[in-house]
Amino acid sequence: MSSDTYVLIRDAAEAQRLERQYRAWQMNIGYLLHPAIEKHVKMRIADIGTGTAIWLRDLSGVLPETCQLHGFDISDIMFPNRAAMRANISLYKHNLLDAFPEKFIGMYDVVHVRLMIVALSFDQWEPAVRNLITLLRPGGYLQWADCAGHETTVKDAAGEITPSHAQHYLDLFNMTANAFGKTPNVAALYGIFHANNLQDCEEQIYPLVNPAAREDLNLAVLEGIQHVLIAGINLGPLDWIKSKDEILEARKAATDDLQRFQGWFSYNVHIVTGRKAR
Ligand SMILES: C[S@@+](CC[C@H](N)C(=O)[O-])C[C@H]1O[C@@H](n2cnc3c(N)ncnc32)[C@H](O)[C@@H]1O
């Protein structure tokens, strides 16, 4: 199987799911830009793998209009309408593993990335970091937020790990991601930042424990795994799941279990930051 694939679908349902997941993460993280990043009125910021540009759209609400906000994505399918964005946001189609056009090189105060786990293969994280560093001005920051899907567990109301159909549903996700080479490399990200001479590197780890975000998070994970499995059988064949009906059955069993014991998907978001030498 090719590892050069995106193991997710791109449609209106996925766009809605990404925004639900984004809100649930934000309720646990609390900031858009890492607090160490100095803000000024002429900031130039890039969001890579921008999807629906939700992070940029939120950022445009808190930064002055004099800042330039650029989103890049390999696909423009989930880009919002121009009318849904402030005038200082521009979106571009670009593969983050390819060299960026000259006009963007060395331009940005901040390059932000979020959620590449089903986009990048294990060995593509380091080339991605190297390529994104070319976008930074001296002293500019790279900020990358991601998670390790493989470490996710299902907990019950008391916080105990519980064997369940929900765990089986996670296993289907993990097997599918692995089959396409998408074993997450988030644990190595901090080391990759260091090895590529980024300075003042930090890694913050946020366990997604805010009960107010739990329902949205459960729904985002249930829906996300469904979308990964649909992408998987379309790219497949897979030995462990064959049809959309089987996927929906597995999702229903997982959902029923979560309701039965007030279960929730427990995982961490890692935010790694580092800055280019001045
Ligand atoms: C899981 S979504 C995350 C979207 C957004 N960052 C968010 O947090 O909601 C991953 C996004 O990365 C994009 N993507 C996948 N591979 C890419 C690549 N090689 N270069 C640029 N974008 C890519 C996908 O099209 C998708 O929009």
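Tabulated values for the structure
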{"item": "Segment 22-42: number of residues that are more than 15 Å from Val113 (Cα to Cα) and either buried (at least 20 other Cβ atoms within 10 Å of the Cβ) or small (Gly, Ala, Ser) (or both)", "result": "3"}
{"item": "Single residue of segment 80-96 satisfying the filter (out of contact with any Phe, Trp or Tyr (no Cβ under 7 Å at 6 or more places or on another chain) and near the ligand (Cβ under 9 Å from one of its atoms)) that is least open to solvent (accessible area, probe 1.4 Å)", "result": "Asn95"}
{"item": "Criterion (at negative phi, surrounded by fewer than 15 Cβ atoms within 10 Å (Cβ to Cβ) and of a type outside the set (Ser, Thr, Tyr)) met by exactly one of Gly263, Gly191, Gly274", "result": "Gly191"}
{"item": "Residue tally, condition open to solvent by less than 20 Å² (accessible area, probe 1.4 Å) and more than 10 Å from the ligand (Cβ to nearest atom), over segment 107-120", "result": "4"}
{"item": "Yes/no for Glu160 being touching a strand residue (DSSP E or B) at 6+ places or on another chain (Cβ under 8 Å), at pLDDT below 95, open to solvent by 50 Å² or more (accessible area, probe 1.4 Å) and among the acidic types (Asp, Glu)", "result": "no"}
{"item": "Those residues of segment 24-69 which are outside any helix (DSSP H, G or I), touching a Phe, Trp or Tyr at 6+ places or on another chain (Cβ under 8 Å) and within 10 Å of the ligand (Cβ to nearest atom), in sequence order", "result": "Asp47, Ile48, Gly49, Thr50, Thr52, Ala53"}
{"item": "Candidates Ala15, Ala87, Ala24, Ala36 - the one that is farther than 26 Å from Asp216 by Cβ and in contact (Cβ under 8 Å) with a residue 60 or more places away in the chain", "result": "Ala36"}
{"item": "Any hit, segment 166-188, residues being within 23 Å of Ile29 (Cα to Cα) and either away from the ligand (no atom under 16 Å from the Cβ) or at pLDDT 95 or above (or both)", "result": "yes"}
{"item": "Of all residues making up segment 148-158, the number that are touching a Ser or Thr at 6+ places or on another chain (Cβ under 8 Å) and without any contact (Cβ under 8 Å) to a residue 60 or more places away in the chain", "result": "1"}
{"item": "Neighbours by Cβ (under 6 Å, 6+ apart or cross-chain): first from segment 126-147, under 14 Å from Gly49 (Cβ atoms) and open to solvent by less than 20 Å² (accessible area, probe 1.4 Å); second charged (D, E, K, R) and within 13 Å of the ligand (Cβ to nearest atom)", "result": "Ala145/Arg114"}
{"item": "Tally of residues being closer than 24 Å to Trp55 by Cβ, at pLDDT 85 or above and open to solvent by less than 30 Å² (accessible area, probe 1.4 Å) across segment 148-157", "result": "2"}
{"item": "Identity of the residue in segment 1-12, of a type in the set (A, V, I, L, M, F, W, C) and touching a residue at least 60 places away in the same chain (Cβ under 8 Å), that ends up nearest to the ligand (Cβ to nearest atom)", "result": "Leu8"}
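Each row is one residue, and each column tells you yes or no for (1) more than 19 Å from the chain's Cα centre (by Cα); (2) over 16 Å from Leu170 (Cα atoms).
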{"residue": "Glu203", "(1), (2)": "no, yes"}
{"residue": "Tyr206", "(1), (2)": "no, yes"}
{"residue": "Leu219", "(1), (2)": "no, no"}
{"residue": "His227", "(1), (2)": "no, no"}
{"residue": "Asp245", "(1), (2)": "yes, yes"}
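The values are calculated or read from the model by the stated rules, or taken from the named source; none is laboratory data. Computed from a prediction, not measured in an experiment: that's the story for all the values here. Don't worry about glycine lacking a Cβ; one is built from the backbone with ideal geometry, like all the others, and counts go over all protein chains shown. To get the accessible areas, we keep the full protein, side chains included, count just its heavy atoms, and leave off ligands, DNA and RNA. Shrake-Rupley method; radii C 1.70, N 1.55, O 1.52, S 1.80 Å.
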